[in-house]
Amino acid sequence: MKSTGIVRKVDELGRIVLPIELRRTMNIEVKDSLEIYVDGDQIVLKKYEPSCIFCGNAKDIIHYKGKNVCRACVQELGLH
């Protein structure tokens, strides 16, 4: 992992601010969702990108009855 040299304090509600430089670099926009992972004693944030519940593909995702499904699986399942 690469250190950015940026340090932020956690506020009373447990929030931190991601610096604009990091948001721009990581293409994180207002209202984007982040996934939170724990790796040993480290907390890892990753931009959430929905993927297909069947094959894991993250491209051409559509929402079908509240689930993320890629177009290929939709066609394969005959849901179109």
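What follows is calculated from the coordinates using simple rules that are stated; it is not laboratory data. A quick note: this is a predicted structure, and the numbers were derived from the prediction, not measured.
Tabulated data
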item	result
Per-residue [θ]222 nm for the chain (sum of -39500 (n - 2.57) over DSSP H runs n ≥ 4, rounded to 500)	-4000 deg cm²/dmol
Matching label, percent of Cα pairs over 15 Å apart computed from the structure shown, candidates (i) 77; (ii) 57; (iii) 69	(iii)
Proximal lysines to K9, defined as alpha-carbon separation beneath 29 angstrom and excluding residues fewer than eight positions away on the same chain	K31, K46, K47
Sequence-separation-based contact order of the chain, relative, with Cα cut under 8 Å and 6+ spacing, percent	14 percent
Sequence-distant residues sharing a close amide H with N68 (under 5 Å, placed H)	I53
Difference of contour (0.36 nm per residue) and Cα-Cα distance, Q75 to K31	12.8 nm
Table column - 3J(HN,Hα) (Hz), the stretch 37-53, Karplus curve with 6.51, -1.76, 1.60, x for Gly and Pro	10, 10, 10, x, 9, 10, 9, 10, 9, 9, 4, 6, 10, x, 10, 5, 5
